[in-house]
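Report on one structure; see the data block that follows.
The values are calculated or read from the model by the stated rules, or taken from the named source; none is laboratory data. Not measured: the values here are computed from a predicted model. Here Cβ is always computed from backbone atoms with ideal geometry, including for glycine, and neighbour counts include all displayed protein chains. Ligands, DNA and RNA are stripped out before the accessible areas are found, and what is left, the full protein with its side chains, is counted by its heavy atoms. Shrake-Rupley method; radii C 1.70, N 1.55, O 1.52, S 1.80 Å.
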Amino acid sequence: MASALFVVSEHGYWGEECIEPLTTLTDAGLDITVATPTGEPPVLDERSVDPEEVGEELSEHVREVHETDERLNDPIPLAQADAADYDTVVFPGGHGAEWDITQDTHARELLRESVAGDDGKALVVCHTVGILAFTRNSDGEFLVDGRSVTGFPNAWEEGIVDENDLLPDGRKLPYWVEDEVKAAGADWDAELDADTSVTVDGDLITARGPPSSADAARTLLEELGIETPA
């Protein structure tokens, strides 16, 4: 049985970006483990379950899975996770990841190791694509240097933060994903004219944002050679 590790934020993950891949991979038969930085259950960004933001149906589905899924409610600490134990490592998005996942040395190690060899693969979604700006390979070079990626674009961030880079909840955005990842050498294209954006570069798969979550999950299954659920 194929296996996947989900690395989820304790500072606010975006519901669809975690739950869509989680349920899709589960339906495809993967054995899934969830990890958070401390081993405490991940926190759901309340904006991602606001019916006015995402619709009533998606809001109810995400909240139900968040509250009832045993894997989400009993995660392991990141320090106990080893990429070699999994066929893929998935990094769901959400602004919260900028405070913990992208800055966590164990998360960066999991990303580096999951794309280093011939067997593993990584899926990185939305704001968590920012981890690529801080992750280096075994030679000390930025992992993303020269790679094609997508992620949460500046054009969208401008509609969320105010003139002081403050989010609606009052937190200051630490950095803008597109700026930092491009500075690390990425070939960035968020495909703003497309409904969804998923990029595959070797063993690294990146996705732009919530609407791309379903495509990202299906793409990951295809890359793993696993049939996508009907």
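Structure notes:
- Some residue of the stretch 41-49 being closer than 28 Å to E227 by Cα and open to solvent by 20 Å² or more (accessible area, probe 1.4 Å): no
- Residue within the stretch 174-185 that is assigned to a strand (DSSP E or B), farther than 16 Å from G94 by Cβ and free of Cβ contacts under 8 Å to residues at least 24 places away in the same chain present: no
One line per residue, one yes/no per condition, for (1) open to solvent by less than 40 Å² (accessible area, probe 1.4 Å); (2) within 18 Å of the chain's Cα centre (by Cα); (3) within 25 Å of I32 (Cβ to Cβ):
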residue: G170; (1), (2), (3): no, no, no
residue: Y175; (1), (2), (3): yes, yes, no
residue: V200; (1), (2), (3): no, yes, yes
residue: G225; (1), (2), (3): no, no, yes
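- Qualifying residue in the stretch 155-163 (condition: among the β-branched types (V, I, T), surrounded by fewer than 15 Cβ atoms within 10 Å (Cβ to Cβ) and farther than 16 Å from I131 by Cβ): yes
- Selection from the stretch 95-122 of residues that are under 20 Å from I32 (Cα atoms) and part of a loop (DSSP other than H, G, I, E, B): D119, G120
- Every listed requirement among (1) more than 19 Å from R147 (Cβ to Cβ); (2) exposed (fewer than 15 other Cβ atoms within 10 Å of the Cβ) is met by S213 save one, (2).
- When E64 is tested against (1) open to solvent by 40 Å² or more (accessible area, probe 1.4 Å); (2) assigned to a helix (DSSP H, G or I); (3) touching a residue at least 40 places away in the same chain (Cβ under 8 Å); (4) of a type outside the set (V, I, T), just one condition goes unmet, and that condition is (3).
- Any hit, the stretch 40-59, residues being farther than 25 Å from L167 by Cβ and touching a residue at least 24 places away in the same chain (Cβ under 8 Å): no
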